[in-house]
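Please treat every number below as a calculation from the coordinates, not as lab data. Note that the structure is predicted; figures quoted are calculated from it, not measured. All Cβ positions, glycine included, derive from the backbone under ideal geometry; neighbour counts span all protein chains shown.
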Amino acid sequence: MLLKSFGKRKLKEEPLGYWEEYSYMLVVSENLTQEELDKIFERVEKIDGVRVKSKHPLTPLEPGKMVVNYEEEDYEIGFYPNDFSLPEIYINKNYFFSTDEVEKLKEAKTALTIFMKFGSDSKKAYHLQLKIANACIPKMLGVLDESAEKMLPFKWVKMTAESKVVPSSTDLYTVQAVSGVNEVWLHTHGLCRCGITELEILQSDKENYNNHYNLISTLANYLIDKKGKYQNDGFYIGILANRQPIVVTYRSWTESLDKFKKLDLGSLRDRKNSHNSKSSVIFLYKSEDDEKKQKLTKISEFNSLWGDNPIFFLSNEETFRMKALAMERFDFVKEAFKDKDNKISIKIGLKVDDDGNFEHIWFELLELKKDKFKAKLLQEPYNVDGIHEGDERWFTVDDVTDWIIYTKNFPVNPSNVYILDSSK
């Protein structure tokens, strides 16, 4: 147990909770039956790429357990049935639920809890857990990701589980905002199971919390994508409106609280029962010299520098993942294009130089012929010669890096296209 001493005050970092050490998911069922429980091993064995190495059946006193091999790594999976009651605050705005889906979740009384420890690749492990959830309860109502404190729609779970592309890093956690009179306290849930620290921003406010949300998310994605293989203390994750680099770092909450003299949210009184284990407060470095000297600056001191359009970076891993998902789900674009009321934008990677660098830029879809399509450039490129805003070109699906379908009611992208999926 870690102790930090500041004058008369000793701050204590508590051990991880079970939902932080392991990834816990509750697969919600209308009525979980004994037949479904009896067929769990059989269904898991049918998952493509999964090999069950050992089984320990569920008993009234102990959870069922199995060791499975997936993509050359072993995982121990536990499961047990339990009662279910929907915490409505877990209905996450980043996922679409119909009114009927929410009502069924409210009425549900049973669930299958599946828990596991993540391995060397958190996104791969999370993907496996979704595959197991989808296999065990094919007629689920949804999945409550207890570790990240959010509810997942059944269509999203089904489509993600059946995909060859791993989920995004952003799917592995949530960023929650607790608002007070003058402050907003941003903090994550779900990162500890990935083997990294939860993240916080203290003394945010209602004017700046959107930029702060993007900051905390970008750092969380960076830490997940790097899989713990990062050397430096400062992380270069973006550029401010004045072109100043955004270089962030973090310190344990036990070390950080005394740097905030007047703290309305996130103080010791808010950490009696939660946010008191492996959680760290984010700070900024103003310069290379500050980084060398470990001189920390509070996030709030940068509030006047965000401007209208700070830039936050995507990792190469996430760029490749997004491209793979856009290509895998391009059939939704083909189907949506049949409805002329839909407007479709497609992002294309245009080659910048011979070193393999690309500028990713938006086009309007004009015409489709199997896996070829004509599109019109919607903006002037920065670094691509020979093509300009308004120019039309033919491309193939292999050129696609992202897309958006603008329907009458809402925009749809490769991540939320389950909204249009009528297969279930």
Original post:
Rounded to two decimals, what ratio of Rg to Rh does segment 7-69 give with C-alpha atoms and a Kirkwood Rh?
Top reply: 1.20
Original post:
One-quarter of the Cα convex hull surface for segment 319-420, in nm²?
Top reply: 6.5 nm²
Subject >> Packing-based exposure ordering (other Cβ within 10 Å, fewest first) of Asp205, Asp38 >> reply: Asp38, Asp205
Original post:
For segment 380-395 and segment 265-328, what is the separation of their Cα centres, given in Å?
Top reply: 34 Å
Original post:
What ranking of Tyr382, Tyr236, Tyr285 emerges when the number of other C-beta atoms within 10 Å of each C-beta is taken as an exposure proxy, fewest first?
Top reply: Tyr382, Tyr236, Tyr285
**OP:** Please work out the Cα convex hull volume for the chain and give it in Å³ per residue.
**Re:** 181 Å³
**OP:** Per residue of segment 210-218, in order, report the coupling 6.51 cos²θ - 1.76 cosθ + 1.60 (Karplus, θ = phi - 60°) as ³J(HN,Hα) in whole Hz, putting x for Gly and Pro.
**Re:** 5, 5, 5, 4, 5, 5, 5, 5, 5
Subject >> Phi-based couplings in Hz for segment 97-109 (Karplus 6.51, -1.76, 1.60; Gly and Pro marked x) >> reply: 10, 6, 4, 5, 5, 5, 4, 5, 5, 5, 7, 5, 10
**OP:** List every residue whose amide H lies under 5 Å from the amide H of Ser204, counting only residues 5 or more places away in sequence or on a different chain, with H placed 1.01 Å from N in the peptide plane.
**Re:** Val184, Leu186
Original post:
Going by how many other beta carbons lie within 10 Å of each one, how would you line up Thr113, Thr174, Thr188, fewest first?
Top reply: Thr113, Thr174, Thr188
**OP:** Write down the Kirkwood hydrodynamic radius of segment 18-167, to one decimal in angstroms, obtained as one divided by the mean of 1/r over all alpha carbon pairs.
**Re:** 15.4 Å
Original post:
Pairs Lys376/Lys408; Lys262/Lys292; Lys229/Lys370; Lys123/Lys206: which exceed 30 Å Cα-Cα?
Top reply: Lys229/Lys370; Lys123/Lys206
